[in-house]
Amino acid sequence: MREAAAGLAAILDIEMNLHVKLCAGWGLSPSDLEQTPPAAEMLAYTRYVLDAGMPGDLLALKVALAPCVIGYAEIGMRLASRPDALAATNPYRVWIAEYAGAAYQEVAAKARAHLDGLADLYATPAREAELIEIFKEATRLEAEFWEMGLRADQRVG
């Protein structure tokens, strides 16, 4: 229960605040965000995560969340290591700094440790293929979520 509460707090206090702050920089208010209908790509990923966890167990749910929770930390760190990643001219510098920063890296490290603990308890050779498929599909859907943003940026630019 404490791990779940800490995970929710990280989403609400760290990640959601970052997204609201980024959107404010683009002229979008919290009200704008709340009134915008969800995109199909976002619904596909979030519904998949729920579908993976509801009939399964906490391990399946955490595997489905891993591309987002742990993946963003990995992407942030890799991008932060690039020259000029945090330069004032980089429109993604705030996102990179947040996900590469200590606070989010700690969130991801705890998520990794929790996932490893669940795997130690519940993963079996018989479940390996199922868990791999969950991770692969969640990763594909997460990538489509990112592609949606790139497509929108190309339409605007």
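Given the criteria in contact with a Phe, Trp or Tyr (Cβ under 8 Å, 6 or more places away or on another chain), touching a residue at least 40 places away in the same chain (Cβ under 8 Å), among the small types (G, A, S) and assigned to a helix (DSSP H, G or I), does A64 qualify?
Yes.
Can you pull out every residue in the range 112-157 that is open to solvent by less than 70 Å² (accessible area, probe 1.4 Å), polar (S, T, N, Q) and either free of Cβ contacts under 8 Å to residues at least 60 places away in the same chain or farther than 18 Å from M42 by Cβ (or both)?
Matches in the range 112-157: T124 only.
Restricting to the range 41-56, what's the tally of residues that are open to solvent by 50 Å² or more (accessible area, probe 1.4 Å) and touching a residue at least 12 places away in the same chain (Cβ under 8 Å)?
Counting residues in the range 41-56 that are open to solvent by 50 Å² or more (accessible area, probe 1.4 Å) and touching a residue at least 12 places away in the same chain (Cβ under 8 Å) gives 2.
Regarding Y72, is this residue out of contact with any Phe, Trp or Tyr (no Cβ under 8 Å at 6 or more places or on another chain) and either outside any helix (DSSP H, G or I) or within 18 Å of T139 (Cα to Cα) (or both)?
no
Please identify the pairs in which a residue from the range 2-21 that is closer than 13 Å to Y104 by Cα has its Cβ atom under 6 Å from the Cβ atom of a residue that is surrounded by 11 or more Cβ atoms within 10 Å (Cβ to Cβ) and of a type in the set (A, V, I, L, M, F, W, C), counting only partners at least 6 apart or on another chain.
Short answer, once both residue conditions are applied: A10/V107; I14/A103.
Out of the range 62-94, which residues are surrounded by 18 or more Cβ atoms within 10 Å (Cβ to Cβ) and out of contact with any Ser or Thr (no Cβ under 8 Å at 6 or more places or on another chain)?
Matches in the range 62-94: K62, V63, A64, L65, A66, C68, V69, Y72, A73, G76, L79.
List every residue pair whose Cβ atoms lie under 9 Å apart, where the two residues are 6 or more positions apart in sequence or sit on different chains, the first residue falls within the range 100-111 and is free of Cβ contacts under 8 Å to residues at least 60 places away in the same chain, and the second residue, located anywhere, is surrounded by 15 or more Cβ atoms within 10 Å (Cβ to Cβ) and outside any helix (DSSP H, G or I).
A100/A85; A100/L86
Would the range 18-36 turn up any residue that is more than 28 Å from N90 (Cα to Cα) and open to solvent by less than 70 Å² (accessible area, probe 1.4 Å)?
No: zero hits.
The values are calculated or read from the model by the stated rules, or taken from the named source; none is laboratory data. Since the model is a prediction, treat every value here as computed from it, not as a measurement. Glycine also receives a Cβ, built like all others from the backbone with ideal geometry; neighbour counts cover every protein chain displayed. Quick note on the areas: whole protein, heavy atoms, side chains included, nothing else; ligands and nucleic acids left out. Shrake-Rupley method; radii C 1.70, N 1.55, O 1.52, S 1.80 Å.
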